[in-house]
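K.L.:
Got a structure for you, questions after.
The values are calculated or read from the model by the stated rules, or taken from the named source; none is laboratory data. The structure presented is a predicted model; accordingly, all values stated were derived computationally and were not measured. No Cβ is skipped: glycine too gets one built from the backbone with ideal geometry, and neighbour counts run over all protein chains shown.
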Amino acid sequence: MGVLVAPARPEADHPLSVVAATFDGAPLRSSLSLALEDAAGRRLPVDVRTDWGEPDAVIGTVTPERAGRYVAKVGLDGRVVACEVVRVRPSSRAGPARAADAPWPARRRWTVAEEALYAAWVRELFRAGRDDTLAHDALHEVTSDPARNFLWNALGLGEDLPPDQGGLFLQPDCADTPYFLRAYFAWKRGLPMGFRHCSRGKGRPPACGPLVDVRERLAEADGATVLERVGRAFSRTIAWGVHSGNGRVPHESDRSDFYPVAWTHRGIRPGTIYADPYGHVFVVVGWFPPSGRRPGVLYAVDGQPDGSLTRKPFWEGNFLWNPDPALGGSGFKAFRPVVYEDGVLTAVSNRTLERDADAAFFAGPYAVSAQAFYDALDALITPGTRDPVASLEQAVEHLAAAARVRVRSVDNGVRYVRAHPGRKVAMPDGAAIFETQGPWEDYSTPARDLRLLIAIDVVLAFPERVRRRPERFGIDPADVARLVDDLERRRAALLADPRYGITYTRSDGSPWSLTLADLVARREALEVAYHPMDCPEVRWGAAPGSDEASTCDRRAPEDDRRKMEAYRGWFRARRRPPRGDPGPPVAGD
């Protein structure tokens, strides 16, 4: 049982959070309680909320009126199972007292209890209703919200104020996001944090060098405040030191920042990452169990090149799978714990983790087909049989969510181009279109469009999936043909329903609405619609000469359009090319 008290130096008349979390599982779900008692044994009124899952957690908030010694007690069925002494200082009327001046003290170790607290913190940070849209322009928008972040200003440095008021500026991309979350928690809790410089892997799996101690790098940064030094640890040491290759190191390697986890609720807990074979990284943030006819949902967040964060559900259109060993070790992974041995930061080995039941280490097999992978996760997320109509509706909802996220990305590109008139967004050659840096990475959408096309395929293929696996949907084989026909009609109605459609802004500022059926019909045009210098009408596949396209005010350079045509085959095949692939010859070169 992990117990956390924040801020680090509580004061009277200021809010205090007490959090307890555990991976001990279902037995605790009978009765989990939290109380705060003063020296005389009197209980303070605590606002308590319990959150079941992996981990089980209880979160309490209270504002002590007096300074003194308190005890936080976590109870199970009337029996105290954990406690923490809380010393509350007299009120300074200025907010929580500052923590020690050491920029990153190492006063704790990564234990099962700390991992449970970390998972509970990630889940709370991105909490939202099952059907809610959760999107932020930057991670600091989330950490600066005390209603989400129970570590808000825990060190008393003003670290979680908005950046324009002196707080941390946190705007990671997809590969940085898990490291920023882990480092933030480690810094607040006084835990060790390290990472490795890794190769990206071109035609071979990524490989990594020695472990980098973030605290050691901080100690080398003299002449700045604690908060400035920590801010540089995020924006330079970590952001410049890691990339998507870190998540794809082969599963069997000990020289990696992550280890593979079992496909269980314990393994795929909040804070776990999903590293896809082509370089995108998600961070798991929570589960929703099946409810009535509705299937379960596994949610994750991913950072984008522009620094925005969006919550997305697990499904084939988002989480790509390819077991090719040349691409590295993709899949669900957890941070490899790091410890100090004789003052040197060391990473725990796979062999040690494999012996630790709490680590939920996954020993394989990894080389399963995509269909076997998705079937296994589908059965975990929604055990038993699935309602075929509800499952189809969920697939359409996921497609709609992917399209809406793309609206934001296209709009970001439009704003950038308009803000920089006359400046060309250079298009790279070959496979580099998926992973270069600079404005192309920030505002083009080849990887996102590939996922959107895959999402369209998943929805179109759903009736045939039911035909292939009727037992998964509890269907009598004699009824399959009739049900498939019904599903095809239902699919057409859902795709045409304007509730699932999107509205984008044309070049002249006017709105234009599209249904998902429109996007499905335009999937060929969407294979070459990722260039940020094209007008939004082209980005959304408007037919040349149509009323919709009449407001288009710019096109990508002709040379770049020829390259997109040459690379169309990658999108048509729904397969990203291997790193370093120069692509097919471009007409006119």
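K.L.:
Can you tell me which of ASP324, ASP358 is surrounded by fewer than 22 Cβ atoms within 10 Å (Cβ to Cβ), out of contact with any Pro (no Cβ under 6 Å at 6 or more places or on another chain) and under 19 Å from PRO206 (Cβ atoms)?
P.N.:
On the way: ASP358 fails: under 19 Å from PRO206 (Cβ atoms).
ASP324 is the lone residue from the list that is surrounded by fewer than 22 Cβ atoms within 10 Å (Cβ to Cβ), out of contact with any Pro (no Cβ under 6 Å at 6 or more places or on another chain) and under 19 Å from PRO206 (Cβ atoms).
K.L.:
Something else now. Output the number of the condition that GLY247 fails; it satisfies all remaining conditions of (1) touching a strand residue (DSSP E or B) at 6+ places or on another chain (Cβ under 6 Å); (2) of a type in the set (Gly, Ala, Ser); (3) surrounded by fewer than 22 Cβ atoms within 10 Å (Cβ to Cβ); (4) under 19 Å from PRO325 (Cα atoms).
P.N.:
That leaves (3) as the condition not met.
K.L.:
Just a yes or no: is a residue in the stretch 577-585 modelled with pLDDT under 90, under 18 Å from LEU526 (Cα atoms) and either small (Gly, Ala, Ser) or in a loop (DSSP other than H, G, I, E, B) (or both)?
P.N.:
yes
K.L.:
Can you say whether ARG448 is among the basic types (Lys, Arg), part of a helix (DSSP H, G or I) and within 30 Å of the chain's Cα centre (by Cα), as far as the supplied structure shows?
P.N.:
On the way: among the basic types (Lys, Arg): yes; part of a helix (DSSP H, G or I): yes; within 30 Å of the chain's Cα centre (by Cα): yes.
It is true that ARG448 is among the basic types (Lys, Arg), part of a helix (DSSP H, G or I) and within 30 Å of the chain's Cα centre (by Cα).
K.L.:
Then there's this: Filter the stretch 225-237 for residues that are within 22 Å of LEU345 (Cβ to Cβ) and either touching a Leu at 6+ places or on another chain (Cβ under 9 Å) or at pLDDT 95 or above (or both) and give the result.
P.N.:
Initially, the stretch 225-237 is screened for residues within 22 Å of LEU345 (Cβ to Cβ), giving 226, 229-237.
If the condition is that a residue be within 22 Å of LEU345 (Cβ to Cβ) and either touching a Leu at 6+ places or on another chain (Cβ under 9 Å) or at pLDDT 95 or above (or both), then VAL226, ARG229, VAL230, GLY231, ARG232, ALA233, PHE234, SER235, THR237 are the ones that fit.
K.L.:
Of all residues in the stretch 33-56 being under 15 Å from VAL80 (Cα atoms) and crowded, with 21+ Cβ neighbours inside 10 Å, which is modelled with the highest pLDDT?
P.N.:
First, pick out the residues of the stretch 33-56 that are under 15 Å from VAL80 (Cα atoms): 33-37, 41, 43.
Cutting the leftovers down to crowded, with 21+ Cβ neighbours inside 10 Å gives us 34, 36.
Working: LEU34: 85, LEU36: 88.
Of everything passing the filter in the stretch 33-56, LEU36 is modelled with the highest pLDDT.
K.L.:
Restricting to the stretch 432-479, name every residue that is within 24 Å of HIS280 (Cα to Cα), acidic (Asp, Glu) and in contact with a helix residue (DSSP H, G or I) (Cβ under 8 Å, 6 or more places away or on another chain).
P.N.:
Within the stretch 432-479, GLU435, ASP442, ASP449 qualify.
K.L.:
Mind listing just one residue for me: the one in the stretch 277-290 that is surrounded by fewer than 22 Cβ atoms within 10 Å (Cβ to Cβ) and in contact (Cβ under 8 Å) with a residue 12 or more places away in the chain and, of those, farthest from the chain's Cα centre (by Cα)? Break it down into steps so the answer makes sense when it comes.
P.N.:
To start, the set of residues in the stretch 277-290 that are surrounded by fewer than 22 Cβ atoms within 10 Å (Cβ to Cβ) comprises 277, 287-290.
Subset that is in contact (Cβ under 8 Å) with a residue 12 or more places away in the chain: 277, 287-288, 290.
Numbers: PRO277: 16, TRP287: 13, PHE288: 16, PRO290: 21 Å.
Looking at residues that are surrounded by fewer than 22 Cβ atoms within 10 Å (Cβ to Cβ) and in contact (Cβ under 8 Å) with a residue 12 or more places away in the chain, I get PRO290.
K.L.:
Take TYR184 and decide whether it is more than 19 Å from LEU139 (Cβ to Cβ) and of a type outside the set (S, T, N, Q).
P.N.:
On the way: more than 19 Å from LEU139 (Cβ to Cβ): no; of a type outside the set (S, T, N, Q): yes.
Answer is no for this residue.
K.L.:
Further, regarding this structure: Filter the stretch 133-191 for residues that are under 30 Å from GLU435 (Cα atoms) and among the charged types (D, E, K, R); which is surrounded by the most Cβ atoms within 10 Å (Cβ to Cβ)?
P.N.:
Residue satisfying both the conditions and the ranking: ASP176.
K.L.:
Give the stretch 542-568 a look and list any residue that's of a type outside the set (A, V, I, L, M, F, W, C), touching a helix residue (DSSP H, G or I) at 6+ places or on another chain (Cβ under 9 Å) and assigned to a helix (DSSP H, G or I), or say none.
P.N.:
Once the filter is applied, which keeps residues that are of a type outside the set (A, V, I, L, M, F, W, C), touching a helix residue (DSSP H, G or I) at 6+ places or on another chain (Cβ under 9 Å) and assigned to a helix (DSSP H, G or I), the stretch 542-568 yields GLU548, SER550, THR551, ARG561, LYS563, GLU565, ARG568.
K.L.:
Can you name every residue in the stretch 221-265 that is part of a helix (DSSP H, G or I) and of a type in the set (Phe, Trp, Tyr)? Reasoning before the result, please.
P.N.:
Here is the first cut: in the stretch 221-265, the residues part of a helix (DSSP H, G or I) are 226-238, 244-248.
Across the stretch 221-265, the qualifying residue is only PHE234.
K.L.:
Turning to a different aspect of this structure: Quick check on my filter: what residues within the stretch 458-476 are outside any helix (DSSP H, G or I) and either on the phi > 0 side of the Ramachandran plot or buried (at least 18 other Cβ atoms within 10 Å of the Cβ) (or both)? Reasoning before the result, please.
P.N.:
First, pick out the residues of the stretch 458-476 that are outside any helix (DSSP H, G or I): 469, 474-476.
Hits for the stretch 458-476 are GLY474, ILE475.
K.L.:
Does at least one position in the stretch 522-542 carry a residue that is more than 30 Å from VAL466 (Cβ to Cβ), surrounded by fewer than 21 Cβ atoms within 10 Å (Cβ to Cβ) and over 31 Å from the mean Cα position of the chain (by Cα)?
P.N.:
Within the stretch 522-542, not a single residue is more than 30 Å from VAL466 (Cβ to Cβ), surrounded by fewer than 21 Cβ atoms within 10 Å (Cβ to Cβ) and over 31 Å from the mean Cα position of the chain (by Cα).
K.L.:
In the stretch 210-220, what residues are within 25 Å of the chain's Cα centre (by Cα) and assigned to a strand (DSSP E or B)?
P.N.:
Those that are within 25 Å of the chain's Cα centre (by Cα) and assigned to a strand (DSSP E or B): LEU211, VAL212, ASP213.
K.L.:
Any residue in the stretch 57-67 that is more than 30 Å from PRO289 (Cα to Cα), surrounded by fewer than 19 Cβ atoms within 10 Å (Cβ to Cβ) and among the β-branched types (Val, Ile, Thr)? Give the derivation first.
P.N.:
Taking the stretch 57-67 first, the residues more than 30 Å from PRO289 (Cα to Cα) are 62-67.
In the following step, the residues that additionally are surrounded by fewer than 19 Cβ atoms within 10 Å (Cβ to Cβ) were identified as 63, 65-67.
From what's left, among the β-branched types (Val, Ile, Thr): 63.
Within the stretch 57-67, one or more residues are more than 30 Å from PRO289 (Cα to Cα), surrounded by fewer than 19 Cβ atoms within 10 Å (Cβ to Cβ) and among the β-branched types (Val, Ile, Thr).
K.L.:
Further question: Cβ-Cβ under 9 Å, sequence separation 6+ or interchain: first residue in the stretch 5-31 and more than 16 Å from PHE185 (Cβ to Cβ) and polar (S, T, N, Q), partner modelled with pLDDT under 90 and not in a strand (DSSP E or B). Which pairs?
P.N.:
Close Cβ pairs satisfying both conditions: THR22/MET1; THR22/LEU28; SER30/ASP77; SER31/ASP77; SER31/GLY78.
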